[in-house]
């Protein structure tokens, strides 16, 4: 599938470019020299002028290279064209542009990685592997490079090699959330759901800004007796990936999580007479969230509706702020508090639950509050959600938690 446009020998091209750069540098130096000799000659001796010219020349030359990874405008243009063809599904033309760019700039990892990705999508797995293998062997690979290589190995049935490569990637890049996500998917495909969940939780702990680990953890926790984590992780994911079909599906999962939480209360074991429960109160974040919600269960007595959820979540925030906010600070609850203080919390909950809970009532609410959702979506764009490492309170105990 190798598509060749340029001759293999590119030394002449590189020499020409080097000459152009040198010529430009000489012109700049001469211009500065004329400027200095003409204007500041009376104030500087020859040695000082030479030092000033050198420093000023470097200040002109260095930012030009620091501002961009591209060695020439031609390479940057080819990359942009390739990305455009890629986004439109024209992989053949994308591959051609990437190859042209690599002929000029063979040392840029990004070009090789994107070429390999295009090969992968075009089912040219061998070509993609051949493209990425030297980068990995020379220890120049980033997380996306490991991910694409792993996907190629899986596609040709080399799962053991793929798993080994992922472990190698995690060892080299221990804070790359995308690699933990990929590892979890591999475990899940082999029905090793416990290891899959552990991988996604490791990813959340190591790289809290990588959103897909929240999504995978939320849908997995829905199969367990730890519904609190499904609620927390689903909402965190929705706040990061806001306007996609997957985000819409996760809204439904979030609604179902609340239904499961309060249905469990209705069908659970009733404490025996004289039992006082935990004398010391909740010992961890998960228990604190659970207990706070359960104490508010009468709010949901007539159903899991958007309006009831708004009331529940407002009361929850009030109680949490008083009892646990200092002990368990969390970026999601801080976001809730910000929305309450600035008059956005009702809109936020309609945005979360309205469509998936009752589309008719949501449409009626929208007609009555015509400008509310555009205002809120503007607020979302102005205040992107950024989870923190300190949000991680999960004890990562996953054995024995899955529903029978």
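The values are calculated or read from the model by the stated rules, or taken from the named source; none is laboratory data. Note that the structure is a prediction, hence the values are computed from the model and not measured. Reconstructed Cβ throughout: ideal geometry from the backbone, glycine too, with neighbour counts over all protein chains shown.
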Consider residue 300 carefully, then state whether it is over 31 Å from the mean Cα position of the chain (by Cα), in the same structural domain as residue 212 (by TED's automatic domain parsing), crowded, with 19+ Cβ neighbours inside 10 Å and on the phi < 0 side of the Ramachandran plot.
yes
Modelled with pLDDT of 95 or more, surrounded by fewer than 19 Cβ atoms within 10 Å (Cβ to Cβ), closer than 17 Å to residue 115 by Cβ and outside the structural domain of residue 119 (by TED's automatic domain parsing): does that describe residue 77?
yes
Can you tell me which residue within segment 104-142, out of those that are assigned to a helix (DSSP H, G or I), surrounded by fewer than 18 Cβ atoms within 10 Å (Cβ to Cβ) and touching a residue at least 24 places away in the same chain (Cβ under 8 Å), is nearest to the chain's Cα centre (by Cα)?
110
